[in-house]
1. Can you give me the solvent accessible area of Asp3 with a 1.4 Å probe, rounded to the nearest 10 Å²?
2. Calculate the spin-label point distance for Arg198 paired with Arg113, positioning each point 7 Å from the Cα along the beta-carbon direction, and give it in nanometres.
3. Roughly how large, in nm² to one decimal, is the mean projection of the convex hull of the alpha-carbon atoms in the chain?
4. Can you give the local net charge around Pro22? Use residues other than it whose beta-carbon is closer than 12 angstrom to its beta-carbon, Lys and Arg +1, Asp and Glu -1.
5. Hand me the trypsin sites (Lys or Arg not before Pro) from segment 32-111 located in a DSSP loop with no more than 13 other Cβ atoms within 10 Å, in residue order please.
6. Rounded to the nearest percent, how much of the accessible area of the chain (1.4 Å probe, protein heavy atoms only) is carbon and sulfur?
7. Looking at segment 1-87, which GluC sites (Glu not before Pro) are DSSP coil and have at most 10 other C-beta atoms within 10 Å of their C-beta?
8. Can you show me the helix-derived [θ] at 222 nm for the chain, built from DSSP H runs with n ≥ 4 at -39,500 (n - 2.57) apiece and divided by the number of residues, rounded to the nearest 500.
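The values are calculated or read from the model by the stated rules, or taken from the named source; none is laboratory data. Since the model is a prediction, treat every value here as computed from it, not as a measurement. When we count neighbours, we look across all protein chains shown, and the Cβ atoms used for this are built from the backbone with ideal geometry, even at glycine. The protein model used for the area step is the full one, side chains on, heavy atoms only, and it has no ligands, DNA or RNA in it. Shrake-Rupley method; radii C 1.70, N 1.55, O 1.52, S 1.80 Å.
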Amino acid sequence: MNDAARQAFDKAATTGFLADAPAPLLEAFRTIAIPVHLADGEILFEQGQAGDALYVVEMGTVEVSVVSREGRKLALDVFRKGDVFGEIALFDGGRRTATVTAMEPCTLRSVRRADLFAQVARQPDLASDLILLAGQRLRSVSRQLHEQVFLPMPARLARKLLHLTRHGALDGKLALSQAELADFIGASREAVSKTLGRWREEGIVTVGRSTITVEDRLALEAHAEIGFI
């Protein structure tokens, strides 16, 4: 594994899905990970396809999107160096719930389900670590559900903006419409527009044509109610 790949895995070990992986399991992931290269605009996998691997971003940026019932594409997330995605496929091998597309030339590291289970067969002690990791994933999903149900709309919006601009990505600028943001958090476009307008007056965000830029992360964190849920 090259230095860039190891750095990506080390970053993944401090955030997201792999943050709770015990050291032996994380090393097993590193051992069996293989490189995947994507050109700008290339699709890694599509919504509805069978899933068989987890991915760690070594270099570049990928977009996660779904197609609405009206046939409109909705961007759900963006992943960059050290981010992990596709982990559900490790446990059930089910169909992908979203489409992942490269936003620029990318290098990923892929951990295939079959390779991981072969490694577990050779090292049975990894099975308990993998179960622990699955439990942590369930807790994460449960937390997200609680946020959607119990947090007020402005807090959900603030958390989504903070999440999408994490790691200082693109200087806090998002190429998203207010309608797309509303879809992300289960709110009306009018409510999102009103909240963004208020934050714009407070100097927290700048709103352009299909763009939103976070200008004051600390102020936005206060609106995100980080201490709640």
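1. 120 Å²
2. Once both label points are built, they end up 4.4 nm from each other.
3. If I average the Cα hull's projected area over directions, I get 12.8 nm².
4. Once all neighbours under 12 Å are counted, the net charge is -4.
5. Qualifying residues, ordered by number: Arg69, Arg72.
6. Here carbon and sulfur together make up 53 percent of the probe-accessible area.
7. Within segment 1-87, the qualifying GluC sites (Glu not before Pro) (loop, at most 10 other Cβ atoms within 10 Å) are Glu70.
8. The per-residue figure over the chain is -13500 deg cm²/dmol.
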